[in-house]
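Participant: One structure follows; several queries about it will come next.
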Amino acid sequence: MRIPLSAMIGLILTGLYFFAAIFASWIAPYGMAEAVGDVWEPSSAAHWLGTDQIGRDLLTRMIYGGQTTIFIATAATILSFSTGAIFGFIAAVSGGWVDQILSRFVDLMMSIPSLILALVILSAIDVTVLTLIVLMGLLDSTRVFRLARAVAVDISVMEYVEAARLRGEKIFWIIFREILPNALSPLVAEMGLRFIFMVLFISTLSFLGIGVQPPLADWGGIVKENKDGINFGIGAALYPAVAICTLAISVNLVADWVLTRTTSLKGGRG
Amino acid sequence: MHPILKLVAQRLSLGIILLFAASALIFGLTEILPGDAAQAQLGQAATPESLANLREEMGLNRPALTRYTEWIGGMMTGDMGNALSNKLPIGEQIGKRLGATIFLASWAALISVPLAILLGLVAVRYQNRWPDKVISGSTLTFISLPEFMLAYILIFIIGVKLQWAPSFANVSPDMPLLEKLHAISLPVTVLTLVVLAHMMRMTRAAILNVMQSAYIETAELKGLTSFEVIRKHAFPNAIAPIVNVVMLNLAYLVVGVVVVEAVFAYPGMGQYLVDAVVKRDVPVVLTSGVIFAAVYIVLNMIADVVSILSNPRLRHPK
Amino acid sequence: MSEPLLKVRDLKIGATIYPPDAKPHDIEIVHGVDFDVMPGKVLGLIGESGAGKSTIGLAAMAYGRGGVKLTGGEVWVNGRDVLQSSRSDVRDLRGGEVTYVSQSAAASFNPAKKIMEQVTEAAILQGKFSKADAEKRAIELFRKLDLPDPENIGTRFPHQVSGGQLQRCMTALALCPQPDLVVFDEPTTALDVTTQIDVLKAIKEAIADTGVAALYITHDLAVVAQVSDHIMVLRQGEMVEYGDVDQIINAPREEYTKALVSVRSIEHKEKTPSGTPILTVENITARYSGTNFDVLKDINVDLHSGQTLAVVGESGSGKSTLARVITGLLPPTKGRIHFNGRDLSNALSSRKPEDLRELQMIYQMADTAMNPRQTVGTIIGRPLEFYFGLKGAEKQKRIQELLDEIELGEGFQDRYPAELSGGQKQRVCIARALAAKPKLIICDEVTSALDPLVADGILKLLLQLQKVEDVAFLFITHDLATVRAIADSIAVMYQGEVVRYGGKTDVLSPPFDDYTDLLLSSVPEMKLGWLEDVIATRKMQSGGN
């Protein structure tokens, strides 16, 4: 199989980010919360990216920050996908009142911007990594629900699904053998986009001070901690922007590739 | 009744139901989650007695439904109660701040909407050639950044290094318009860039969709110039999807404004909401949350109504 | 002899294709075609899908649809090669000298503009008529094309008139600027057969009255024989045969042309019913939920083992709904179905496995009837596994037997549907139905989406399988030629009712009721002058089109 250059770049960069996140404690040159230098030192051989507002090594903070951000985003994406896709398929295949109730509830959830809903909820509960994951995952699962339901509805009106029903197949076979293989590619592509959204979402929450709590590092938090430096011309707060942007674009490139492969669906064992 | 009016009426009543349901959802969420306003206010210092007293005092002991009806009734009459943190009336605060937020958002909309449509048209006209690729590439970059990061990049370059615009959006009601505009130039730029990126991508897709229709080919085969094809045949059919895109993205502004106000310390609704969340001031969060949700719902509703009104099949039934 | 109006020399047309796992590359789809059209004459371009006939038609307007590029040769219109013309000259050509009628008028009209504005647009733009004159001419054309209320139909929007009417409006659109040549691209293919005949007549008369020349593109030789002076037969981008219409129809020289002419001439002698029927449909009445009218009204038909009942009707007649009721997808509101000595329960979910197995279905679109992610082996193997519990080598053996039976042979088990041709796909669907060893197969328009020669092959296969497997067919179709080829008994449906029912010979012999007469007479015959004869003799007008 031929992988286009853009998708290759996307795959390699995404892989690098995940590698750094998983092996953060081996790669990072210093301890996560260890003050090793002066305030906002410029970059040097000892501190490639300089130090932060209380003298911690910024490269170390960025690597650990990546770990937190990517971990939370990944966990929330998995939660959002499993919930959203399962309920979406159930709604599509059962139809009737099950579909009505689930769909109307999702309509209601989506009538409120998820950031606003998140702010309301976070004002009333204790913020931990776990509650953040659950909150983001569930809020976002509404979007996955809509996509999964739409894709499954499109497929379930196909005549091959009707043929399976006429044959007498059970719902289990219809979902897993007839619908799922055909729904997988659009869902996988969407998964990439949802993951990016999660990264942006958790960063925004942390930046606003209601996401990941210090001393744990994450990309949004690093901006918050170092933002005052900007007024003195110190760019420490901008590194996370570069990190998020490159990660998001790489994942986008991979997702685009998966999608174009889908639209030219031609048998294939993928 | 004309069937289209019936459809529009249906859509409007659905919107009103949705408004109430959304307010009930927001109210209900703060109800069923562990902890309440009293606990949030007392924090770690809470003892069972002090909690019970405060709940009594705040009326939290009464049934949730009663409190919801009172609260929603108060919202509609303008009596929104007092903030927990500083005991100031919420209604007064919101009155001041809503205007400021609308001022900021309108300028962003005013710049981004025409620009997005123009860039969308250019991208379609030069589809898959360099102008399209440049536009699509740069919008992808803007979409891939959270608003606040884009804001700091602009502050760093334009505010601090070049010193063209102030890094903080200090505005007061009695400032002359030009000064105000200078003060908000950076937040407006950030909002514009973010909304522009989404809006332009969707506009491009909407126009391309129309351009692939068979009636465009018919027009080309009549010997029309490409400009005439676009003006006479593509444009009338593209208005509806474009208006839809514009409305959806203005709704998106609602979210963007929250973060951008926080970054630039702009005294609007967004900053008010974020402050209240950090201070766990539940009544303020509830009220301002519902206002944001309402704006969002209304914009979405307008988008729906526009697409109903512009559908020739509905407008001229058989 | 005068100069030809359109002179095409060595025309080559290419396209860029984008395969999923390879680099985009160019292919040639028309490999050097020559022909002339004289002023006022009609040339029919005929061929199966992939012949390149539409592409050639559009080349007369120097237009390449989608990624299509006119790569070589010359196209002379009114004495100049339009492939070399300037842009502004090409704009004068399009809509001025040459105009176009597409297959789907519904898609080709701008939904946001009134019909009149669109019909007169080119005439006004090209400076041929003033607005008032163009509108006068348009109304004249509407009248000539037998459109109802010609004075006011132009004030309507495209979605406010029927498909057949819109197709005539499109013809008016093409004739309005007084062009020298009109390209008709399958203008009647999407219409019902009784509507087609009227549109065909209108087009033919309009061509004659205005003296315009035409390129008439279609896959249906019988249709093109009614309107053309000359015919060019195309196959895969190359010319097979060219001649005047009489020679092509009555004395074709090439094998391929002979096959096209003799298509649908399968001889099938009707079998007489004997014993108890395998399927009895009694007093079936049905409606879709949420509607307030019956789509089926008191239907009674029988089908005997090993025989074929053809259910004929146009779109909206309820013939496909009957299939849904019999399969259990739509429970009827009244009546009962007796199958193989048992009563069938109304709803699919409460039917016994035996009932499901013995009643199989084949669809019109083989593309959507097969899961694109399953191999041919899986598709055919699943019923074997599901109904008979076959596994491993035994299952493989049976799959191969079935593949042999449908004349596909070795090497197809591991292929995906996308790797098969249209005819092969439909054969696999037949094999899937046969795998269940059914007593009855419902065939819903199974040949409608196929090219005539391929469809013939499928019909022959079905007839042969019926002999071998002793299976009954309920054959739903709008195509009377197919009915003649395969049926033992026929039910004619019209607006939810069976208006005529009986053995094939009886149903197809006079005296006819009005609708059957209309339906039968509307099927184009491979005969010159057929159109005029029919119009002169038929009893009933087609409704509202």
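Computed from the coordinates by the stated procedures, all read-outs in this text should not be read as laboratory data. These numbers come from a predicted model, not from an experiment. Here the Cβ is made from the backbone with ideal geometry for all residues, glycine too, and neighbour counts use every protein chain on show.
Participant: Averaged over peptide B:147-159, how many Cβ atoms belonging to another chain are found within 10 Å of each residue's Cβ? Can you show the working numbers first?
Facilitator: Numbers: counts 3, 12, 15, 2, 5, 10, 7, 0, 5, 10, 2, 0, 2.
Other-chain Cβ atoms within 10 Å of each residue's Cβ, averaged: 6.
Participant: Hey, can you rank A:158-167, C:172-181, C:526-535 by average C-beta count inside 10 Å, highest first?
Facilitator: Packing proxy ranking, top to bottom: C:172-181, A:158-167, C:526-535.
Participant: Moving on to the next point. Helix-only mean residue ellipticity at 222 nm, chain C, DSSP H runs n ≥ 4 weighted -39,500 (n - 2.57), per residue, nearest 500. What is it?
Facilitator: Per the formula, -10500 deg cm²/dmol.
Participant: Further question on the same structure: For a footprinting-style exposure proxy, rank B:LEU208, B:LEU250, C:LEU200, A:LEU5 by other Cβ within 10 Å, fewest first. Intermediate values should be presented prior to the final figure.
Facilitator: On the way: B:LEU208 14, B:LEU250 23, C:LEU200 20, A:LEU5 8.
Final ranking by Cβ density, sparse to dense: A:LEU5, B:LEU208, C:LEU200, B:LEU250.
Participant: Right, here's the next one. I want to check the label-to-label distance for C:ARG342 and A:ALA46. Put each point 7 Å from Cα in the C-beta direction and report it in nm to one decimal.
Facilitator: Going from the C:ARG342 label point to the A:ALA46 one covers 8.7 nm.
Participant: Taking Cα pairs under 8 Å and at least six residues apart, what relative contact order does chain B come out at, in percent?
Facilitator: 28
Participant: Give me a single rounded figure for B:208-220: the average over its residues of other chain Cβ atoms within 10 Å of their Cβ.
Facilitator: Per residue, the number of nearby Cβ atoms from other chains is 5 on average.
Participant: List A:TYR239, C:TYR100 from most exposed to least, where exposure is judged by having the fewest other Cβ atoms within 10 Å.
Facilitator: Lowest count first: A:TYR239, C:TYR100.
Participant: Measure off 7 Å from each Cα along the Cα-to-Cβ vector at B:ILE17 and C:SER289, then give the distance between these two points in nanometres to one decimal.
Facilitator: Between B:ILE17 and C:SER289, the label points sit 1.9 nm apart.
Participant: Now, a different point. Quick one: which of C:339-350, B:118-129, B:148-159, C:455-466 comes out on top by average Cβ neighbours within 10 Å, and what's the full order, highest first?
Facilitator: Details: C:339-350: 14.5, B:118-129: 16.9, B:148-159: 22.7, C:455-466: 18.8.
Going by the mean number of other Cβ atoms within 10 Å, highest first, we get B:148-159, C:455-466, B:118-129, C:339-350.
Participant: Also, quick follow-up: Residues of the stretch B:104-121 with the amide nitrogen closer than 17 Å to a label point 7 Å from the Cα of B:LEU177, along Cα-to-Cβ, please.
Facilitator: Only B:104-111 fall inside the zone, counting backbone N under 17 Å.
Participant: While we're on this one: Report relative contact order for chain C in percent, whole number only (criteria: Cα-Cα under 8 Å, sequence separation at least 6).
Facilitator: Over chain C, the number comes to 15 percent.
Participant: Quick one: Karplus J couplings for the stretch C:326-336, per residue in order, coefficients 6.51, -1.76, 1.60, θ = phi - 60°, nearest Hz, x for Gly and Pro?
Facilitator: 3J(HN,Hα) across the stretch C:326-336, in whole Hz: 5, 6, x, 6, 10, x, x, 7, 9, x, 9.
Participant: List the residues whose amide H sits under 5 Å from the amide H of C:PHE475, counting only those 5 or more places along or on another chain, with H placed 1.01 Å from N in the peptide plane.
Facilitator: Answer set, sorted by chain and number: C:LEU309, C:ALA310, C:VAL311, C:CYS443.
Participant: Just grab the label-to-label distance for A:SER6 and C:GLU238, each label 7 Å out from Cα along the Cβ direction, in nm (one decimal).
Facilitator: 4.0
Participant: Mind checking the angle between helix C:452-469 and chain C's longest principal axis? C-alpha axes, 0 to 90 degrees, to the nearest 10.
Facilitator: Around 10 degrees separate the two axes.
Participant: Given H placed 1.01 Å from N in the peptide plane, which residues other than close sequence neighbours of C:GLY73 have an amide H under 5 Å from its amide H?
Facilitator: C:LYS12
Participant: For a label point 7 Å from the Cα of C:ALA132 along Cα→C-beta, name the residues of the stretch C:148-169 whose backbone N is under 19 Å from it.
Facilitator: Residues C:151-152 fall inside that zone.
Participant: How high is the relative contact order of the stretch C:6-261, given as a whole-number percent (alpha carbon pairs under 8 Å, six or more residues apart)? Let's see the in-between values first.
Facilitator: Details: 494 pairs, mean separation 67.5, N = 256.
The value is 26 percent.
Participant: Then there is this: Quickly estimate the mean residue ellipticity at 222 nm for chain B, helices only: each DSSP H run with n ≥ 4 gives -39500 (n - 2.57), and the total goes over all residues, rounded to 500.
Facilitator: That calculation yields -24500 deg cm²/dmol at 222 nm.
Participant: Roughly how far apart, in whole Å, are the Cα centres of the stretch C:141-214 and the stretch C:254-329?
Facilitator: The stretch C:141-214 and the stretch C:254-329 have Cα centres spaced 32 Å from each other.
Participant: Measure nothing but the geometry: give the 0 to 90° angle between the long axis through the Cα atoms of A:58-94 and the longest principal axis through the Cα atoms of chain A, rounded to 10°.
Facilitator: That helix lies at roughly 10 degrees to the long axis.
Participant: Another question, if that's okay. Rounded to the nearest 0.05, what FRET efficiency do C:GLN495 and B:ALA214 have when you use their Cβ-Cβ distance and R0 = 41 Å?
Facilitator: The pair C:GLN495/B:ALA214 has a calculated efficiency of 0.85.
Participant: Could you work out the mean count of beta carbons from other protein chains within 10 Å of each residue's beta carbon in A:233-246?
Facilitator: On the way: counts 3, 2, 6, 0, 6, 6, 0, 5, 10, 3, 1, 4, 10, 2.
Across the residues of A:233-246, the mean count of other-chain Cβ atoms within 10 Å is 4.
Participant: Using a ≥ b ≥ c from the Cα gyration tensor of chain B (square roots of the eigenvalues), is it rounded, prolate or oblate, where a/c under 1.5 gives rounded and otherwise the larger of a/b and b/c decides, a/b for prolate?
Facilitator: Oblate is the answer for chain B, as a/c is 1.5 or above yet b/c matches or exceeds a/b.
Participant: Full extension from C:ASP92 to C:THR280: what is 0.36 nm times the residue separation minus their Cα-Cα distance, to one decimal in nm?
Facilitator: 61.3 nm
Participant: Amide H neighbours of C:ARG500 under 5 Å, at least 5 residues apart or on other chains, H built in the peptide plane: list them.
Facilitator: C:VAL492
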